[in-house]
1. Taking S109, is it open to solvent by 40 Å² or more (accessible area, probe 1.4 Å) and of a type outside the set (V, I, T)?
2. If A36 satisfies every condition in (1) among the small types (G, A, S); (2) touching a residue at least 60 places away in the same chain (Cβ under 8 Å); (3) over 19 Å from G133 (Cα atoms) but one, which is the exception?
3. Considering the stretch 112-142 alone, what residues qualify as being part of a loop (DSSP other than H, G, I, E, B), in contact with a strand residue (DSSP E or B) (Cβ under 9 Å, 6 or more places away or on another chain), open to solvent by 70 Å² or more (accessible area, probe 1.4 Å) and free of Cβ contacts under 8 Å to residues at least 60 places away in the same chain?
4. I'm checking my understanding of the structure. Among residues of the stretch 79-100 that are assigned to a helix (DSSP H, G or I), touching a residue at least 60 places away in the same chain (Cβ under 8 Å) and open to solvent by 60 Å² or more (accessible area, probe 1.4 Å), which one is farthest from R120 (Cα to Cα)?
5. One residue is enough: does the stretch 149-157 have a residue meeting the conditions at pLDDT 95 or above, open to solvent by less than 40 Å² (accessible area, probe 1.4 Å) and outside any loop (DSSP other than H, G, I, E, B)?
6. Among the residues of the stretch 1-10 satisfying the criterion of being touching a helix residue (DSSP H, G or I) at 6+ places or on another chain (Cβ under 7 Å) and open to solvent by less than 30 Å² (accessible area, probe 1.4 Å), which is modelled with the lowest pLDDT?
7. Please work out which one of (1) over 19 Å from L94 (Cα atoms); (2) surrounded by fewer than 21 Cβ atoms within 10 Å (Cβ to Cβ) is the condition D212 fails and give its number.
8. Taking the stretch 170-202, which residues are free of Cβ contacts under 8 Å to residues at least 24 places away in the same chain, surrounded by fewer than 24 Cβ atoms within 10 Å (Cβ to Cβ) and under 21 Å from G18 (Cβ atoms)?
Amino acid sequence: MKKTVFLFDLDGTLTDPGLGITNSVMYALRKFDISAPDRASLYKFIGPPLRDSFAMFFGFSPERSELAVKYYREYFSTRGLYENEVYDGIPELLRELKKLGKTLIVATSKPEKFAVEILRHFELYDYFDFVAGATMDGSRDRKSDVIRYALESCHIAEKSEVIMIGDREHDIFGAKETGLDSVGVLFGYGSRDELETAGATFIAEKPMDILDIVK
């Protein structure tokens, strides 16, 4: 199996954003006088579009969810995006893939402007040929839409040479919806059961396992 194009999710795949995302959710909930539950219970916000998460987990209406996203970004844009950490082994993996001449693309449901800022801050940006993210208004935040945007922007038509790498079921579903193989990673926020149930083509326990799978 020859893969020449690698699409990477950002949160939970390239970096561990747990502290920044949960702090941002807590900040938003306080605006509604809602006491945040324990931090671990908010990790489910990592991966899916924010509007969906506020609606699903707190029963917010579309209007209330939109306002919650606004409050979330007040904190995230100035502090939360830096409360983040690159996973061990990711820079080494990216360097090896670039040495092999692979095309590397970020495909994230995080707003593109934040994704670019995070990648630059943590010195990962230069590894990537393109960064595809969500729009601020939510018109493009589903993983399948982000993937299509990435492939179209980079003029990639041969899907058999593309693989999507992510830590949550949304990454795997997005890959399946767009006709791509996928790698579910276990060092992020999704469990093996979640990723296998979603239909991940491969499972990787560590970043360098990805190289072994597709080289």
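The values are calculated or read from the model by the stated rules, or taken from the named source; none is laboratory data. All of these numbers come straight from a predicted model, not from anything done at the bench. Cβ coordinates were reconstructed from backbone atoms using ideal geometry, including for glycine residues, and neighbour counts include every protein chain displayed. Protein only, heavy atoms only, side chains kept; ligands, DNA and RNA dropped before computing areas. Shrake-Rupley method; radii C 1.70, N 1.55, O 1.52, S 1.80 Å.
1. Judged against the criteria, S109 is not a match.
2. (2)
3. E123, D129, M136
4. Per the criteria, the residue is E96.
5. yes
6. Result: K3.
7. (1)
8. If the condition is that a residue be free of Cβ contacts under 8 Å to residues at least 24 places away in the same chain, surrounded by fewer than 24 Cβ atoms within 10 Å (Cβ to Cβ) and under 21 Å from G18 (Cβ atoms), then L186, S191, R192, D193 are the ones that fit.
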